[in-house]
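Working notes, beginning with the structure itself.
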Amino acid sequence: MSQQANPRGTFLKIADSVKRQIEDDPTMTELPSLAELMRDHKVSRGVALRAFGVLRQEGVAEPVRGERWRVVRAGAPVDRRPLDQRIAEVIATEGLEVGEAFPSASALAERFGVSRPTVTKSLEKLEAAGVLAGGGQGKVRTVRAVPARKGRS
């Protein structure tokens, strides 16, 4: 018997699957990556992107520049600033002074719920902006300048 095309698009089934994951896990804050969706559902990049589009259109998730898509929950406050601005705010919230050690990429990744490579990109932006100094493999980053409260990066 030949396979018939399903009237409900594959991308809609994937979106429904992700929505069930979100409902089943109230602590879920990020969507699976594009690569994970492609692998887990054995679909092309285009199909996975269409599933993300459905989730965005339905208000279930939103894209975050430089990070994974974020789960949107009704009534939950979300800080929509770029990660580098949120990381720079750590200096003020922890009362760090110029010359003091800055938290590690691993600690920041756990704190903000993102991957280490994502944090590293943001830390590099802050180094380029002159807010942090040092860094690199095995080196401790230090505060070079206290950023303005507006969260410039």
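The values are calculated or read from the model by the stated rules, or taken from the named source; none is laboratory data. As the structure is a computational prediction, the values presented were derived from the model and not from experiment. Cβ: placed from backbone, ideal geometry, glycine included. Neighbour counts: every protein chain shown. We work out accessible area using only protein heavy atoms, side chains counted, and drop any ligands, DNA or RNA first. Shrake-Rupley method; radii C 1.70, N 1.55, O 1.52, S 1.80 Å.
Once the piece of chain linking THR142 and VAL90 is laid out straight, how much longer is it, given 0.36 nm per residue of separation minus the C-alpha distance between them? Could the numbers behind the result be given before it?
Values: separation 52, 0.36 × 52 = 18.72 nm, distance 1.23 nm.
Here the answer is 17.5 nm.
Taking the Cβ of LEU108 as the center, what net charge do the other residues with Cβ under 12 Å away carry, scoring Lys and Arg +1 and Asp and Glu -1? Write out the running numbers ahead of the final one.
Working: positive: ARG86, ARG111, ARG116, LYS121, ARG141; negative: ASP84, GLU89, GLU94, GLU110.
Every neighbour counted, the sum reads +1.
Might you tell me the accessible area per residue for the chain, computed with a 1.4 Å probe and given in Å²? Don't skip to the answer; put the middle values down first.
On the way: 9740 Å² over 153 residues.
For the chain, the per-residue accessible area is 64 Å².
Output the DSSP H helices from the chain with an along-axis C-alpha extent of no less than 20 Å and a mean Kyte-Doolittle hydropathy no less than -0.5. It would help to have the intermediate numbers written out before the result.
Values: long enough: 10-24 (21 Å, -0.41).
Flagged H segments are 10-24.
Fully extended, how many nm does the chain gain between LYS19 and GLU127 (0.36 nm per residue separation, minus their Cα-Cα distance)?
Numbers: separation 108, 0.36 × 108 = 38.88 nm, distance 3.79 nm.
My answer for the length gained is 35.1 nm.
Can you give me the Rg/Rh ratio for the stretch 12-132, using Cα atoms for both radii and the Kirkwood formula for Rh? Could you put the intermediate results ahead of the total?
Values: Rg = 16.6 Å, Rh = 16.0 Å.
With Rh from the inverse mean 1/r over Cα pairs, Rg/Rh is 1.04.
For the stretch 61-124, treating each Cα as an identical point scatterer without solvent, what Debye log10 I(q)/I(0) comes out at q = 0.20 1/Å?
For the stretch 61-124, the Cα-only Debye profile gives -0.83.
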